[in-house]
Amino acid sequence: MTNTTQVLVVGAGPSGLITALCLAQNGVNVRIIEKLAQPRVGQKGSGIQPRTLELYKFLGLYDDIQKRARLLQPVAHYKQPGGTEIAREFNMIPTGEATPDKPFPNALQLGQSRHEELIRTHLEHYGVKVEFGTDLLDFTQDEDKVHVRVSKGGEPNTATEEFDVPFVVGADGGGSKVRKTLGLRFEGETRELDKIVVGDIVVKPPGVSLDKWHSWGDPKSKLVMLRPCEAPDEDKVALYVGGPDIDFDKVASSGEEFVKVFYEISGRTDIQFGETLALSTFRPNIRMVDKFGEGRVFIVGDAAHTHSPTGGQGLNSSVQDAANLAWKLALVVKNLAPLSLLQSYSSERVPVIRDMLRRTTKLLNTTMRPGDKDPNEGWQRGGVLFQLGINYRWSEIVLDERRDRDDEDDEREHAYVGGKGICAGDRAPDAPVEGPVSRLFELFKLTRHVALVFSDAGEAIAEVEAVASELPQGLCAVAAVLPASSNGSASTSSLAALRLLDVEGLARRAYEVAGDPIIVVVRPDGVIGAIAKGAQGVYSYFQRILA
């Protein structure tokens, strides 16, 4: 049988699923395999940051995620003895109201097993099903292809399949076989001293209140926490046990041992437990590679970087890896862009992940070894962890005609927070408009660029349309963002897809447009690829991508 797979994704966690979904939406023939015989269970990485929610909006996932997820609850820490009176209560992450440029102001919580289930459902709409019980054995590559061997069926009925594929993406976790086969160095440290026990367990009625996390003990000795799960799993809690005086292996050996330690620390013998669904020890691995691929093989998510769970950055960073790689890979697979475009995946993501590791490690240190002045310090996370400041200002494939380039090393040092103003490489902000769509975010998709033409001059708009018309079909949509004073009357050619009226001037404010024309080209991953003063700048940007 002829193999028609264009990209093989190894691993069906969030990064692998999002990679596959992005590729499938772009019309790429993708295959995704997972060595586990069935989907994972448990909460694991449950925090979904606003930057990820924006990406899910572009992918068409947001509505389903929002229906199932909940806002992060505050943490209640209880007095001893007794364990029933709240000593202090605090929010780990600040909550806020939506603004015109940031429609998703808050992080959400959704257990990873439910999260993955929703993505699999969307992936199946494109005819792609995860092949569970299928393991990568090995691969070799040359300039034109990757030769892959996989095993299917598991013992004792293992069958081996061999095939060639143009590209492989390894999303196979911290122990990645793809990374090891490539020979990429996974440098960093393992924190034995910061070990914790994690798991999921059923709580019998009346259970615990669902509106907050519950915490007992002291991280300097013994600490236990219960976090209620979201619907339809309200009878379950995620559990965390930590502190230097804990016998981790014993606690993780059975549900009964966890319950003993829970009662010892909390004193809350009125809380009764049922079935233990998952229970294990977790050691923070703080590691990353210095490049995210080699030749025709790439890695995303935990295969490329692992870190402390503090701050809820892991899953979210993995999803952003996937989006950054997938739109570029789709262009290369379709022979619309050269293989060299894929080098920008590493050059953009490595500085971001390096900065993220610094931040999450600092959070880990203050969480596990709190100071005496503010015991809540390590549990309180700033808005920078929403990831809205993550940028690629230094990237070789972005173009900005509105500013002089800063020192690239300095820009990389600020990969998580950016700098002053809106620049190419930054997150593209949202804004309300009038026209065929009511918000700019409704235009953005993982399948195309969007050129926002801030001008009411018909000539300027037509020139950008002319550039777009010379690009491969569907690669770039053009939207004229007209000032309120124009009343939508700018003359545009028949190629114009959209005329949007910036009635309140909020789009111009978000993109810091002081004078016309300014053209902002938004990439499929929601990043500003170019800020140009005319059509020639738009042309130059696409030359960087396609030539």
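The values are calculated or read from the model by the stated rules, or taken from the named source; none is laboratory data. All figures in this text were calculated on a predicted structure; none of them were measured in a lab. Neighbour counts are summed over all protein chains in view; Cβ atoms, including those assigned to glycine, are modelled from backbone coordinates with ideal geometry.
Could you figure out which of (1) surrounded by 20 or more Cβ atoms within 10 Å (Cβ to Cβ); (2) under 17 Å from W394 (Cα atoms) isn't true of Q343?
Single failed check for Q343: (1).
Please pick out the residue among G82, G127, G170 that is surrounded by 12 or more Cβ atoms within 10 Å (Cβ to Cβ) and small (G, A, S).
Of G82, G127, G170, the one residue that is surrounded by 12 or more Cβ atoms within 10 Å (Cβ to Cβ) and small (G, A, S) is G170.
When the residues of the range 362-383 are narrowed to those that are surrounded by 19 or more Cβ atoms within 10 Å (Cβ to Cβ) and touching an Asp or Glu at 6+ places or on another chain (Cβ under 9 Å), which ends up modelled with the lowest pLDDT?
It comes out as M368.
Taking the range 221-234 as the region of interest, how many residues are in contact with a Gly (Cβ under 7 Å, 6 or more places away or on another chain), under 23 Å from T84 (Cβ atoms) and part of a loop (DSSP other than H, G, I, E, B)?
Residues flagged as in contact with a Gly (Cβ under 7 Å, 6 or more places away or on another chain), under 23 Å from T84 (Cβ atoms) and part of a loop (DSSP other than H, G, I, E, B) within the range 221-234 amount to 2.
Could you list, ordered by first residue, the pairs with Cβ atoms under 8 Å in which the first is in the range 29-52 and in a helix (DSSP H, G or I) and the second is of a type in the set (D, E, K, R), at least 6 apart or interchain?
P50/K102; R51/R427
Does any residue of the range 23-32 turn out to be assigned by the TED database to the domain that holds V165, over 29 Å from L336 (Cα atoms), β-branched (V, I, T) and modelled with pLDDT of 95 or more?
no
Of all residues in the range 384-404, which are surrounded by fewer than 19 Cβ atoms within 10 Å (Cβ to Cβ) and closer than 15 Å to S347 by Cβ?
Matches in the range 384-404: E396 only.
Mind counting the residues in the range 265-291 that are within 30 Å of E187 (Cα to Cα) and hydrophobic (A, V, I, L, M, F, W, C)?
Here the count works out to 6.
Are there strands (runs of 3 or more DSSP E) fully within the range 131-202 with at least 1 residues that are over 28 Å from the mean Cα position of the chain (by Cα) and free of Cβ contacts under 8 Å to residues at least 24 places away in the same chain? List them.
Strands (runs of 3 or more DSSP E) meeting the threshold: 134-141, 146-152, 159-165.
So which residues in the range 414-435 are without any contact (Cβ under 8 Å) to a residue 60 or more places away in the chain and charged (D, E, K, R), if there are any at all?
Within the range 414-435, just K420 meets the criteria.
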